[in-house]
Amino acid sequence: MKITARLQWSILLVLMIGIGVVATALTPKPSATKPNIVLFFIDDLGYGDLSVTGALGYKTPHLDQLAAEGTRFTNFMAAQAVCSASRAALLTGCYPNRIGITGALGPQSKTGLNSNEETIAELVKAQGYTTGIFGKWHLGSEQEFLPLQHGFDEFYGVPYSHDMWPLHPWQEKAQYPPLHWIDGIKSGAEIKTLEDASTLTSTITEKALSFIRRHKQKPFFLYIPHPMPHVPLAASPRFKGKSERGIFGDVLMELDWSVGEVMKELKSQGLDKNTIVIFTSDNGPWLNYGDHAGSSGGFREGKGTSFEGGQRVPAIMRWPGVIPAGRISNKLLSTMDVLPTLAKLTGASLPKEKIDGVEFVALLKGDDTQIPRKEFLYYYRQNSLEAVRKADWKLVFEHPGRTYEGSLPGKDGQPGPAPENHPFPKALYNLARDPGERYNVLEQNPDIVSELEKVADAAREDLGDDIQKKEGKNRRPSGRIERK
Ligand code: MG
């Protein structure tokens with residue numbers, strides 16, 4: 001059988017096109033297809049402050065939708081129940097005491113995040129990401145420590161908590177300087193009154209939307225640490241008086257609106273299918289503020305304590321087609337686990353120094369047999385190991401700590417008492433049966449106690465423990481400047 005020259009050419013051409021198609025399919029996709037990342041980190045938002053976790057008196061429809069379209073994690077821990085420490089952990093994947101950040105840094109603090117530490121922003125920036133933070137930084141307010149020195153291309157927000165201002169209830173003692181917006185490294189307009197503070201959520205939202213529009217061509221990391229609902233509370237006129245839960249509910253409605261606006265923008269730019277959205281909180285509610293505080297959802301105590309009400313935070317993650325929709329996962333995870341997980345999803349390398357986060361990509365994508373995190377350490381204050389968790393068990397060590405119980409909270413923005421040195425005894429709780437940490441079963445479970453003691457001993461060796469006067473081998477210093 002003879003094949004004409006024309007037919008031979010035709011076959012060759014078909015083959016070449018075929019090879020081309022296969023080669024194109026096998027070629028690694030350009031970095032433009034890496035997922036965008038939007039990370040909401042809400043300030044002092046309690047576990048019970050969303051409709052999907054039982055909030056009353058207002059609704060959070062956009063967050064409910066986020067949960068319906070993604071996975072909600074119910075055992076998700078803030079690394080420590082206070083602003084600066086919690087933020088340091090989220091951005092570096094480390095226990096904050098490993099990297100020398102404790103408590104909430106004040107405006108006069110000479111301390112900040114050490115430039116040797118690698119943040120999520122730095123890791124993804126090396127992968128071609130554009131990075132922006134709109135909201136509250138609180139990892140050092142001197143220029144050397146601001147976000148632009150830590151891998152962020154853009155910053156617009158406040159340097160620390162917005163109650164660190166001359167209107168603070170304890171101003172006489174604290175002597176806080178005026179609070180200003182910061183644009184990059186430049187100081188902007190002063191936030192002088194509650195009316196000024198009522199623009200925080202809407203301004204930050206507008207800046208975030210503009211960032212999405214301006215950087216839609218490249219993969220981006222957009223970090224939105226809203227300063228609300230940390231006190232002092234204030235909402236835009238559009239939301240003021242709209243809830244049945246007073247100003248706290250109004251503020252939550254506005255934060256929910258903010259999430260909705262970001263989701264709407266992602267959709268209208270055609271980005272929402274290739275964007276990972278993470279929503280969580282830095283710590284539980286500041287309960288002695290009463291009607292101006294959120295709800296721990298029934299967990300014990302709140303912000304500034306190592307009980308679950310301080311550390312268990314709401315967490316929702318959405319990435320259509322990758323993260324299962326409408327799922328609830330009760331696996332133990334922590335904000336520290338976000339960094340290694342995002343690193344794996346974006347192809348970024350991990351920080352060179354030791355971190356504490358564990359990646360949970362397989363779990364995130366739906367493999368519920370995974371148990372990425374087996375233990376959790378509850379450090380508080382400077383470097384006190386107050387409790388450890390393994391599986392469902394939590395061993396609390398004897399320690400002095402803040403308690404909200406036994407005092408009536410304040411109201412209308414004024415705090416009630418919250419004694420700092422309540423003597424908590426050693427206790428063992430089973431969080432599966434007793435999430436409220438009410439029933440001490442220490443004596444009934446000596447084997448469990450000794451297993452948890454081993455976890456604590458290893459932690460003391462590694463990170464130290466002020467309660468037992470142990471230094472720890474692997475702690476790194478915070479950044480520090482010497483002022484003349
Ligand atoms: Mg906070």
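The values are calculated or read from the model by the stated rules, or taken from the named source; none is laboratory data. Computed from a predicted model, the values in this text were never measured in an experiment. We place every Cβ from the backbone using ideal geometry, glycine too, and count neighbours over all the protein chains shown.
Is it fair to say Ala432 is more than 21 Å from Cys94 (Cα to Cα), under 25 Å from the mean Cα position of the chain (by Cα), surrounded by fewer than 16 Cβ atoms within 10 Å (Cβ to Cβ) and not assigned by TED's automatic domain parsing to the domain that holds His168?
yes
Which ones in segment 19-69 are basic (Lys, Arg) and either part of a strand (DSSP E or B) or modelled with pLDDT of 50 or more (or both)?
Listed by number, the residues that qualify are Lys34, Lys59.
Please specify each residue of segment 50-103 satisfying the condition of being among the small types (Gly, Ala, Ser) and away from the ligand (no atom under 16 Å from the Cβ).
Passing the criteria: Ser51, Gly54, Ala55, Gly57, Ala67, Ala68, Gly70, Gly93, Gly100.
In segment 363-390, what count of residues is obtained for those that are of a type in the set (Lys, Arg) and touching a Ser or Thr at 6+ places or on another chain (Cβ under 9 Å)?
Counting residues in segment 363-390 that are of a type in the set (Lys, Arg) and touching a Ser or Thr at 6+ places or on another chain (Cβ under 9 Å) gives 2.
Pull up segment 257-284, narrow it to residues that are outside any helix (DSSP H, G or I) and among the polar types (S, T, N, Q), then point me to the one that is surrounded by the most Cβ atoms within 10 Å (Cβ to Cβ).
Asn283
Kindly establish whether Lys240 is under 23 Å from the mean Cα position of the chain (by Cα), under 23 Å from His162 (Cα atoms) and surrounded by fewer than 24 Cβ atoms within 10 Å (Cβ to Cβ).
no
Take the residues of segment 405-424 that are touching a strand residue (DSSP E or B) at 6+ places or on another chain (Cβ under 8 Å) and in a loop (DSSP other than H, G, I, E, B): which is farthest from Ser295 (Cα to Cα)?
Taking the candidates together, the pick is Asn421.
Name the residues in segment 241-256 that are assigned to a helix (DSSP H, G or I) and on the phi > 0 side of the Ramachandran plot, would you?
Correct list: Gly246 only.
Any residue in segment 358-375 that is assigned to a strand (DSSP E or B) sitting within a Cβ distance under 7 Å of a residue that is surrounded by 15 or more Cβ atoms within 10 Å (Cβ to Cβ)? List the pairs, counting only those 6 or more apart or interchain.
Glu375/Val388; Glu375/Arg389; Glu375/Lys390; Glu375/Val455
Look through Gly321, Gly294, Gly326 and report the one residue that is within 16 Å of the ligand (Cβ to nearest atom) and not assigned by TED's automatic domain parsing to the domain that holds Asp412.
Selected residue: Gly294, the only one of Gly321, Gly294, Gly326 that is within 16 Å of the ligand (Cβ to nearest atom) and not assigned by TED's automatic domain parsing to the domain that holds Asp412.
How many residues are buried (at least 20 other Cβ atoms within 10 Å of the Cβ), out of contact with any Ser or Thr (no Cβ under 6 Å at 6 or more places or on another chain) and more than 22 Å from Phe134 (Cβ to Cβ) when one looks only at segment 54-74?
Residues in segment 54-74 being buried (at least 20 other Cβ atoms within 10 Å of the Cβ), out of contact with any Ser or Thr (no Cβ under 6 Å at 6 or more places or on another chain) and more than 22 Å from Phe134 (Cβ to Cβ): 3 in total.
Kindly indicate the residue of segment 436-451 that is surrounded by 14 or more Cβ atoms within 10 Å (Cβ to Cβ) and among the polar types (S, T, N, Q) and also nearest to Lys426 (Cα to Cα) among those meeting that condition.
Across segment 436-451, the extreme among qualifying residues is Asn440.
Restricting attention to segment 262-290, and to residues there that are out of contact with any strand residue (DSSP E or B) (no Cβ under 8 Å at 6 or more places or on another chain) and among the hydroxyl-bearing types (Ser, Thr, Tyr), which single residue is nearest to the ligand (Cβ to nearest atom)?
Looking at the filtered set, the residue picked out is Tyr289.
Tell me yes or no: at least one residue of segment 307-317 is closer than 23 Å to Ala55 by Cβ, of a type in the set (Gly, Ala, Ser), within 16 Å of the ligand (Cβ to nearest atom) and in a strand (DSSP E or B).
Checked against the condition, which is being closer than 23 Å to Ala55 by Cβ, of a type in the set (Gly, Ala, Ser), within 16 Å of the ligand (Cβ to nearest atom) and in a strand (DSSP E or B), segment 307-317 yields at least one hit.
Which count do you get for residues in segment 150-181 that are free of Cβ contacts under 8 Å to residues at least 40 places away in the same chain and surrounded by fewer than 20 Cβ atoms within 10 Å (Cβ to Cβ)?
Total meeting the criteria: 11.
One line per residue, one yes/no per condition, for (1) under 16 Å from Asp44 (Cα atoms); (2) touching a residue at least 24 places away in the same chain (Cβ under 8 Å); (3) under 21 Å from the mean Cα position of the chain (by Cα):
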site: Lys264; (1), (2), (3): no, no, no
site: Gln269; (1), (2), (3): no, yes, no
site: Thr275; (1), (2), (3): no, yes, yes
site: Leu287; (1), (2), (3): yes, yes, yes
site: Arg300; (1), (2), (3): yes, yes, yes
site: Thr305; (1), (2), (3): yes, yes, yes
site: Gln311; (1), (2), (3): yes, yes, yes
site: Trp319; (1), (2), (3): no, yes, yes
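So, Ser198, is that one among the polar types (S, T, N, Q), farther than 15 Å from Met228 by Cα and surrounded by 13 or more Cβ atoms within 10 Å (Cβ to Cβ) or not?
no
Where in segment 105-197 are there helices (runs of 4 or more DSSP H), lying wholly inside it, with at least 3 residues that are within 22 Å of Ser281 (Cα to Cα) and either away from the ligand (no atom under 16 Å from the Cβ) or in contact with a strand residue (DSSP E or B) (Cβ under 7 Å, 6 or more places away or on another chain) (or both)?
Because the criterion is at least 3 residues that are within 22 Å of Ser281 (Cα to Cα) and either away from the ligand (no atom under 16 Å from the Cβ) or in contact with a strand residue (DSSP E or B) (Cβ under 7 Å, 6 or more places away or on another chain) (or both), the helices (runs of 4 or more DSSP H) in segment 105-197 that meet it are 120-125.
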